[in-house]
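Below is one structure, written out as structure tokens; comments come after it.
The values are calculated or read from the model by the stated rules, or taken from the named source; none is laboratory data. Values in this document were obtained by computation on a predicted structure and should not be read as measured data. In this analysis, Cβ positions are derived from the backbone assuming ideal geometry, glycine residues included, and neighbour counts consider all displayed protein chains.
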């Protein structure tokens with residue numbers, strides 16, 4: 001199940017971070033000079049780009065980048081099935097699948113978030129975080145403890161705080177899940193943190209199941 005509506009809310013709280021990226025080009029935004037970063041690595045996720053996709057990318061750009069045959073619109077649903085909305089999928093049902101969530105007031109004109117969650121997805125951060133990376137590694141990169149909801153329900157694995165670690169003000173968002181054999185103590189409707197003994201005992205069984213980038217809030 002996807003959680004785009006809640007993720008956009010969380011991004012509004014934790015986003016607005018700014019990190020060094022591979023390359024930068026100047027563009028105009030409301031008469032002011034801003035920098036729009038574009039990665040030269042088609043699989044690299046930064047605070048301002050998801051591979052070749054950045055905040056200025058349009059639907060036509062996506063068609064030119066990936067080919068019309070590799071792009072399709074489909075209906076997605078929010079947590080508990082309360083909302084439905086149209087998203088654009090690229091390389092649907094393959095490890096390279098990307099899901100584009102558009103800003104509702106600018107459908108097909110401005111990208112809100114870019115998501116990946118397929119097993120064996122090639123997308124990664126500069127710190128080598130990717131789908132399948134363990135919670136242990138995520139904590140090491142963040143540098144501080146992480147608070148999150150237990151897995152296995154509609155809001156399962158959603159991170160609620162990075163406790164002023166590396167990702168506290170990042171536009172990147174990670175969502176967790178549990179592998180088979182993980183303790184029930186890290187599942188269900190409860191808030192946990194990585195300092196708890198039951199979480200540390202499952203550091204290698206809790207993993208990144210979804211990576212999202214908010215381009216709506218990127219600098």
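Going by the structure shown, is residue 38 in contact with a strand residue (DSSP E or B) (Cβ under 6 Å, 6 or more places away or on another chain), more than 14 Å from residue 214 (Cα to Cα) and at pLDDT 85 or above?
Details: in contact with a strand residue (DSSP E or B) (Cβ under 6 Å, 6 or more places away or on another chain): yes; more than 14 Å from residue 214 (Cα to Cα): yes; at pLDDT 85 or above: no.
In short, no.
Say we look at the stretch 66-84 and pick out the residues that are loosely packed, with under 15 Cβ neighbours inside 10 Å and in a loop (DSSP other than H, G, I, E, B); which of these is farthest from the chain's Cα centre (by Cα)? Can you show your working first?
Within the stretch 66-84, the subset loosely packed, with under 15 Cβ neighbours inside 10 Å is 67-69, 72-75, 80-84.
Next cut, in a loop (DSSP other than H, G, I, E, B) only: 67, 82-83.
Working: 67: 23, 82: 21, 83: 19 Å.
Here the residue is 67.
Residues that are surrounded by 15 or more Cβ atoms within 10 Å (Cβ to Cβ), farther than 24 Å from residue 77 by Cα and without any contact (Cβ under 8 Å) to a residue 60 or more places away in the chain: does the stretch 117-130 have at least one?
The answer is no, given that none of the residues of the stretch 117-130 is surrounded by 15 or more Cβ atoms within 10 Å (Cβ to Cβ), farther than 24 Å from residue 77 by Cα and without any contact (Cβ under 8 Å) to a residue 60 or more places away in the chain.
Could you tell me which of the residues 63, 136 is over 16 Å from the mean Cα position of the chain (by Cα), in contact (Cβ under 8 Å) with a residue 40 or more places away in the chain and part of a helix (DSSP H, G or I)? Talk me through it step by step, then tell me what you get.
Working: 63 fails: in contact (Cβ under 8 Å) with a residue 40 or more places away in the chain.
136 is the lone residue from the list that is over 16 Å from the mean Cα position of the chain (by Cα), in contact (Cβ under 8 Å) with a residue 40 or more places away in the chain and part of a helix (DSSP H, G or I).
Do we find that residue 111 is in contact (Cβ under 8 Å) with a residue 60 or more places away in the chain, within 20 Å of residue 50 (Cβ to Cβ) and in contact with a strand residue (DSSP E or B) (Cβ under 8 Å, 6 or more places away or on another chain) in this structure?
Working: in contact (Cβ under 8 Å) with a residue 60 or more places away in the chain: yes; within 20 Å of residue 50 (Cβ to Cβ): yes; in contact with a strand residue (DSSP E or B) (Cβ under 8 Å, 6 or more places away or on another chain): yes.
So residue 111 fits the description; yes.
Can you find a residue that is on the phi > 0 side of the Ramachandran plot, modelled with pLDDT of 95 or more and in a loop (DSSP other than H, G, I, E, B) anywhere in the stretch 103-114?
Kept after step one, since they are on the phi > 0 side of the Ramachandran plot, are these residues of the stretch 103-114: 108.
The next check asks that each one be modelled with pLDDT of 95 or more; those that pass are none.
No, the stretch 103-114 has no match at all.
Taking the stretch 197-219, which residues are in contact with a helix residue (DSSP H, G or I) (Cβ under 7 Å, 6 or more places away or on another chain) and modelled with pLDDT under 95?
Step one: list which residues in the stretch 197-219 are in contact with a helix residue (DSSP H, G or I) (Cβ under 7 Å, 6 or more places away or on another chain), which gives 198-199, 202-204, 206-208, 212, 214, 217.
Hit for the stretch 197-219 is 217, nothing else.
Of all residues in the stretch 85-102, which are surrounded by 18 or more Cβ atoms within 10 Å (Cβ to Cβ) and part of a loop (DSSP other than H, G, I, E, B)?
Once the filter is applied, which keeps residues that are surrounded by 18 or more Cβ atoms within 10 Å (Cβ to Cβ) and part of a loop (DSSP other than H, G, I, E, B), the stretch 85-102 yields only 96.
Name every residue in the stretch 171-207 that is buried (at least 21 other Cβ atoms within 10 Å of the Cβ) and closer than 30 Å to residue 48 by Cα, in order of residue number. Quick ask: steps written out before the conclusion?
Residues of the stretch 171-207 that are buried (at least 21 other Cβ atoms within 10 Å of the Cβ), as a first pass: 171-176, 178, 186, 192, 199, 202, 206-207.
171, 172, 173, 174, 175, 176, 178, 192, 206, 207, listed by residue number.
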